[in-house]
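Take a look at the structure below.
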Amino acid sequence: MEFLRDILNLDSDYSSLLKNVKNGRLPLACTGLSNVHKSAVISALSSDLDRKIAIITPQESTALEIHTDLLSMGKNCINLPSRDYCIGEISGYSREYEHKRTDTLSKLLGGDFDVLTLSLDAALQPTLPPAVLKETNFTLNTGDNISPAKLCDRLLDSGYTRCEICEGMGTFSIRGGIVDIYPTPSTPPYRLEFWGDEIDTIAPFDTETQRRGEATENIQITPACEVVYNSQNLI
């Protein structure tokens, strides 16, 4: 979508906006734009300034709309959804939004984005401190020396649940020298086969057929929930 940026650079109002932002003359007001036009201006500013941008909107629907527009314009845009609160009695609970939040927060920590969109509610909700988020994010590589027991402890500290069979996001299982992990928000679960205390292979697998896919070199583990604890900090 470079042609949109080229068009905007010919516009005097955009040039004035860009100049003032570069010179730190803030805050600025920019009115009269629809959401798609806001997305075009944000995309151009991201490229011209070479900075990361956070967009806070009044409603979550607006944040999602701008997020979709920016993705279609070629920007690496991420969205932080609001936390899904449930204070009543329930028989089951989905952690889908919590997984999306921890994934977005992990990308924020690593700087893997151009633009962040979020609603005002999402911006005001407390979440994991950066230090805790960094501690509970880790990468598993083929050839790493880590015992299944130690890996179990790390996964529990990152909010994962140990189960007999690994079937849902945020769960894992251990059978001898085989560890199945369903990272969040990964599409497939992964099977780690150990040779002693060394990770021998890492490969995705199908939860129904249990068939393995093509091996990969590493997987990223992000927290499975926003309230994480271990035996040291649990009082």
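The values are calculated or read from the model by the stated rules, or taken from the named source; none is laboratory data. Since the structure is predicted, the reported quantities are computational estimates derived from the model, not experimental observations. All Cβ positions, glycine included, derive from the backbone under ideal geometry; neighbour counts span all protein chains shown. For accessibility, only protein heavy atoms count, side chains too; no ligands or nucleic acids. Shrake-Rupley method; radii C 1.70, N 1.55, O 1.52, S 1.80 Å.
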**Message:** Can you report the number of residues in the stretch 120-136 which are open to solvent by 80 Å² or more (accessible area, probe 1.4 Å) and aliphatic (A, V, I, L, M)?
**Reply:** 2
**Request:** Output yes when any residue across the stretch 24-33 is under 31 Å from the mean Cα position of the chain (by Cα) and in a helix (DSSP H, G or I), and no when none is.
**Result:** no
**Prompt:** So residue 139 fits all but one of (1) open to solvent by 30 Å² or more (accessible area, probe 1.4 Å); (2) in a helix (DSSP H, G or I); (3) touching a residue at least 60 places away in the same chain (Cβ under 8 Å); what number is the exception?
**Reply:** (2)
**Message:** Which condition from (1) modelled with pLDDT under 95; (2) touching a strand residue (DSSP E or B) at 6+ places or on another chain (Cβ under 7 Å); (3) within 25 Å of residue 21 (Cβ to Cβ); (4) surrounded by 20 or more Cβ atoms within 10 Å (Cβ to Cβ) is the one that residue 107 breaks?
**Reply:** (4)
**Message:** Given (1) out of contact with any Cys (no Cβ under 9 Å at 6 or more places or on another chain); (2) buried (at least 16 other Cβ atoms within 10 Å of the Cβ), identify the lone condition not met by residue 49.
**Reply:** (2)
**Complete:** Across the stretch 16-32, the tally of residues that are within 25 Å of residue 68 (Cα to Cα) and either open to solvent by 60 Å² or more (accessible area, probe 1.4 Å) or of a type in the set (S, T, N, Q) (or both) stands at 5
**Message:** Are there strands (runs of 3 or more DSSP E) fully within the stretch 153-235 with at least 1 residues that are open to solvent by 30 Å² or more (accessible area, probe 1.4 Å) and of a type in the set (Phe, Trp, Tyr)? List them.
**Reply:** 190-195
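Output the residues belonging to the stretch 37-66 that are among the charged types (D, E, K, R) and in contact (Cβ under 8 Å) with a residue 12 or more places away in the chain. Walk me through how you get there before you give the answer.
Initially, the stretch 37-66 is screened for residues among the charged types (D, E, K, R), giving 38, 48, 50-52, 60, 65.
The answer is 38, 48, 52, 60, 65.
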